[in-house]
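Presented below is the structure to which this report refers.
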Amino acid sequence: MTYKNHPAFKLRKWISSELIESEVIYAESYNGIDPVIPVQDIDELAEKLGSLPYMFYYSIPMPKANRQQVYKKEELLYINVIANNYAELAGMVSFLIDLLDRQDFAAEDANKRVEDGSVRFLTISLEKSGEVYQTTQPTGRFIQEVCFCYEYVREIKPNGRML
């Protein structure tokens, strides 16, 4: 299995492109930095992003309820949205929910962006949405966590292992 093909990475790429194409954010403002960043890159990139709104994410695998479906996987994708004011935050969170909380329709859209076919999404849905918090930093930015559940399958190699 190539861990560079993790489904959360594929969703990140799709979400970023949708944010830009829908003009929720403007790519030129980000100087080549992806506005949806993995949690481990926050320290490095948050400072570079300055006052621009951004998102960071992490995923958590879920245990299998049905052990007979070995190849079907389920994970939770937590996305934290950080913005300068509540209106900006609410707009970005609403966009995420509209984009991702569409079950198999969202999965179909995401699958169109997976270029290598290593992952096929089955469903994507809103699991929960957290409270809005104002950070204690002098900038007083706002943050909200949104959690989505996604199901997927991976391509299987001839030796029976997942790609």
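Yes or no, residue by residue, for (1) closer than 17 Å to S94 by Cβ; (2) out of contact with any Gly (no Cβ under 6 Å at 6 or more places or on another chain); (3) in contact (Cβ under 8 Å) with a residue 40 or more places away in the chain:
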{"site": "S22", "(1), (2), (3)": "yes, yes, yes"}
{"site": "A27", "(1), (2), (3)": "no, yes, no"}
{"site": "Q40", "(1), (2), (3)": "no, yes, no"}
{"site": "G50", "(1), (2), (3)": "no, yes, no"}
{"site": "S59", "(1), (2), (3)": "no, yes, yes"}
*Has segment 11-21 got at least one residue that is out of contact with any strand residue (DSSP E or B) (no Cβ under 7 Å at 6 or more places or on another chain), hydroxyl-bearing (S, T, Y) and within 21 Å of N84 (Cβ to Cβ)?*
no
*segment 124-143 - residue that is of a type in the set (S, T, N, Q) and surrounded by 15 or more Cβ atoms within 10 Å (Cβ to Cβ) and, of those, farthest from A110 (Cα to Cα)*: S129
*asked:* Checking Y78 against (1) of a type in the set (S, T, Y); (2) part of a loop (DSSP other than H, G, I, E, B); (3) at pLDDT 95 or above: exactly one of these is not met. Which one?
replied: (2)
_Residues (among the acidic types (D, E) and closer than 17 Å to E74 by Cβ) located in segment 100-127_ = D101, D104, E127
*Within segment 5-16, can one find any residue that is part of a strand (DSSP E or B) and modelled with pLDDT of 90 or more?*
no
*Considering each residue of segment 100-123, count those that are assigned to a helix (DSSP H, G or I), in contact with a helix residue (DSSP H, G or I) (Cβ under 8 Å, 6 or more places away or on another chain) and not basic (K, R), and give that number.*
4
*Given the conditions (1) surrounded by fewer than 17 Cβ atoms within 10 Å (Cβ to Cβ); (2) part of a helix (DSSP H, G or I), which single one is not true for E23?*
(2)
*Filter segment 81-104 for residues that are touching a strand residue (DSSP E or B) at 6+ places or on another chain (Cβ under 9 Å) and surrounded by fewer than 19 Cβ atoms within 10 Å (Cβ to Cβ) and give the result.*
N84, N85, Y86, E88, A90, G91, I97, D101, R102, Q103, D104
*Check I60, I97 and return the single one that is among the β-branched types (V, I, T) and in a strand (DSSP E or B).*
I60
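The values are calculated or read from the model by the stated rules, or taken from the named source; none is laboratory data. Just so you know, these numbers come straight off a predicted model, no measurement behind them. Don't worry about glycine lacking a Cβ; one is built from the backbone with ideal geometry, like all the others, and counts go over all protein chains shown.
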